[in-house]
Structures are given as C-alpha cells and as structure tokens.
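First comes the structure, then the notes that go with it.
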Number of protein chains: 2
Amino acid sequence: MRISELSRQAGVSIPTIKFYVREGLLPPGDLTSATQATYGERHVRRLRLIRVLREVADLPVPRIREIVALIDRPGESLFDTLGQAIEALPPYLSASCATDRATALLDRVGLTYEPNTTAVQQLARALDAVDEVDLPADDARLDVYAEHASAIAAEEIAGLPRDAAAALEYSVLGTALYEPVLAALRRIAHQHHARRLLDVLDAG
Amino acid sequence: MRISELSRQAGVSIPTIKFYVREGLLPPGDLTSATQATYGERHVRRLRLIRVLREVADLPVPRIREIVALIDRPGESLFDTLGQAIEALPPYLSASCATDRATALLDRVGLTYEPNTTAVQQLARALDAVDEVDLPADDARLDVYAEHASAIAAEEIAGLPRDAAAALEYSVLGTALYEPVLAALRRIAHQHHARRLLDVLDAG
C-alpha cells in the first residue's frame, strides 16, 4: 500500500510516519521507484505499537527505539530479552533505595525475582511511601496483594505467544495496557464494597 | 512545637510550610504572641499527607486543597464524600468516551458502580487501547482481572476506619499508594511465572 493508505489504516499522519522512519522506529517501505515506496501489514502493526506506546503508555522515542530493536533482533535468551524490553517501560526511577523490605516480602511469599529490575525498586519505594503515612502494610495485607498479583500474572504469562517477536509485543503492551485496566477495576470494586459496607453501617 | 520542629518532624522546609498555610492546605498554628505560633500533631500528620500527595502521587495543589477540605468538612454521606475525594486523584481525563463495553463487563461480573466516575472512564479507555493492539480481552481474561481486583478491594474496604476523617485519609492515600505496590508485584510475578514457563519450554 502507499503511505497515504498506511496513514489511514494506522491512524498516524504522514509527517509522523516519516519522522518514525528517520528515527529508526519504523522500517522504510520497499522502493518501487526513485520517489515511491510501498508498505505492508508489518508497517501497520508496528505503527499501532508505536502509537500506543507513545500516546497511551507515554514512552519517550528513545525507549520505543530500544523496544522495537529487541522485537526485530531478540537475544538468545527470550527471558532476558523480555526483561530488557520491560525495563524500557515507565516508571523511570533515579537513585536507588534499599530493597531489603521488598525482597523479604518476595522471599516470604515465594516469588522469585531479578534483584536489579525496576519492579523491585518500585516495590521498595512504594512500601516506603505506605509506611511514611502509616497505611496498613502488615504481612497479612501484603500477602493478599502478592497472592492476587501472582494469580493475575500467572494467567497473563500462560497466554505468552511462543514466537519471540510476538511474545515481546505481548509482554510490553500487556504490561503497559492491562495496568490501567486493573487499576480502574480496583477503584470500581472499592465503590462496590464501600457501598455495601456503608449501607450495613447506616442500617445498624 | 515551633515551626522549626514541625519542619524537622514532617520533613518539609519552613518556606514550604508557610506556602501551604497561605494556600489553605495547612491550618495556621495557634498564635502564642504577635509573631510566634505553635503547632501540634495534627499539623505533622497533615504535612505528611500533603507531602506524599504532592511528591509520590504527583497531585497539583488545587486537587490537594479539595481533598483536605473534604477531610476537614466531610459531607453528610460518607460514601459520597469518599467518591468526591477519590475524584481528586489522577488520572485527570479530558473528553469522555463511550463506556458501554466497560459497563457491560461490570454488569456481567456483578460489580456495582457509579457511572459518572473517572474509574469507569479509565476502564473504558484502557479497554479501547487493549483492543486497538489486539491484546486478549475476552470474557475469560477480563473475568480473572475483575475477580482479583474485587478480592483486593474487599480486603482494603474491610480496613476502612469508622471515623470520617480517618476513612478519607485511608481511602485517598490507599488508592494512590497501594496502586504502585500492586503494579510492582504484578511485574515481579511476571518474572516468576515467565522463568518457570521458559525453563519448561527450554527443557522440552
């Protein structure tokens, strides 16, 4: 297809498509003459990926470049490549903080982890913030969180495609896009359970 | 205590404390002379709340002002006041999108909800983004998400303090600060389950 049709199908303007090609995010089309190129399904798919990572997940261009490079040339170990791709997603944390409390929790609930990942840092910081304002963070509460987070993750990983490029797209997009689905469902479930609790208290 | 001691205990600088008083986020101290005021535990507590909402949850000052106003003067219905306080938290969504798919999901899984809340909009948008990149979003997958989000929310709402001001602080801070705890645990559980799956595949 021509660039105008690609633009229509992917919902991305022609100047933006040209920008992505210059930035190395999108492979160039196949030249059919000195001034014309043709594009295929893989371009549509790649543009949708880039658009969602930019507009929904709010990734800067260099991070998207890292991700598409891994999709195009995954390393020998799929596990390590997945880890590298996930590290390109927000949050982008600066200076590190102590992770003893986070890793003690993970050891207690039996979750194995890679110590130098952003997720472990993010957990350590989140637990520090919870403690600072005296929110409940006893073992019972954290065990409930770990149990349900693990059940969700198990379901997601069970759906991991076998092809490396597809597995990378699934993991990056799934990590970024199911997160707000889960956050929204949790807030709505708060409404549901609070309504029931407060109705009982008001009636009592 | 004097303002210097308040600053030390809450980890907030004196100019920032004065800014919060001017902006109506923090009640002024009790005047002990024409030029000196004294502060108490409630000031320390309020400053910690403000600091976490600004620095961790990234709230703009006007949104924090809404929340502290609700804590100081909750309305007659605690359920409605909680809803108003939660609406002051991010995400701040502009123009609305169709919520039919989101509400159909909520109806199917039996979660009651307030239709005009940000959470329902956030769910609708998140589901649109998931569809756009062809991530799995069949009933089976979404039911798993709803089930575990509801179990997490039930545990959290069971811990709701009975006092209105305490319930508001718990809900606002809990919504904002447990969200990254859960997001981090989900990402770590991905590592755990992916490691097991990929070890099995490599061995097979």
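Miscellaneous remarks
- With the alpha-carbon atoms of the stretch B:53-204 aligned to their principal axes, the span from lowest to highest coordinate is 63, 31, 28 Å, starting with the largest.
- Between the stretch B:26-94 and the stretch A:129-176, the Cα center-to-center distance that results, in Å: 31 Å
- Cβ-defined net charge surrounding A:Ala167, 13 Å radius [Lys, Arg +1; Asp, Glu -1]: -3
- Chain A comes nearest to the axis taking it onto chain B at the Cβ of one residue; that residue and its distance, in whole Å, are A:His148, 2.
- Once the Cα atoms are used to define both axes, helix B:164-203 deviates from the longest principal axis of chain B by about 40 degrees.
- Chymotrypsin sites (Phe, Trp or Tyr not before Pro) restricted to the stretch B:32-109 and DSSP loop, no more than 14 other C-beta within 10 Å: B:Tyr92
- 0 to 90° range, to nearest 10: angle between helix B:41-55 axis and chain B longest Cα axis: 40 degrees
- Electrostatic tally near A:Val44: other residues with Cβ closer than 13 Å to its Cβ, Lys and Arg +1, Asp and Glu -1, net +3.
- Relative contact order (percent, whole number), chain B, Cα cutoff 8 Å, 6+ residue spacing: 18 percent
- Overall form of the stretch A:38-100 per C-alpha gyration tensor (a/c, 1.5; a/b vs b/c): oblate
- Charged-residue dipole, Cβ positions (Lys, Arg, Asp, Glu), the stretch A:119-204 about Cα centre, Debye nearest 20: 340 debye
- Label point of A:Cys97 (7 Å along Cα→beta-carbon): distances to the other copies' equivalent points are 3.2 nm, sorted ascending.
- Computed [θ] at 222 nm, helices only, for chain B once each DSSP H run of length n ≥ 4 contributes -39500 (n - 2.57): -22500 deg cm²/dmol
- Inter-copy label distances at A:Ser4 (7 Å, Cα→Cβ; nm, one decimal): 7.5
- Relative to the longest principal axis of the Cα atoms of chain A, the long axis of helix A:118-132 lies at roughly 40 degrees.
- Label spacing, shortest first and in nm, from B:Asp163 to its equivalents in the remaining copies (7 angstrom along Cα→Cβ): 6.0
- Options B:Ala166, B:Ala10, B:Ile86, ranked by Cα towards positive dipole end of chain B, top entry (Cβ charges): B:Ala10
- For the protein assembly as shown, taking Cα atoms only, Rg and Dmax work out to 23.7, 85 Å respectively.
- Sequence-ordered 3J(HN,Hα) estimates for the stretch A:151-162 from the Karplus curve with 6.51, -1.76 and 1.60 and θ = phi - 60° stand at 5, 5, 5, 4, 4, 5, 5, 4, x, 4, x, 7 Hz, glycine and proline given as x.
Taken together, the values in this text are just the output of simple stated rules run on the coordinates, not laboratory data. The structure presented is a predicted model; accordingly, all values stated were derived computationally and were not measured. Heads up, the Cβs are rebuilt from the backbone with ideal geometry, glycines too, and the neighbour counts pull from every protein chain shown.
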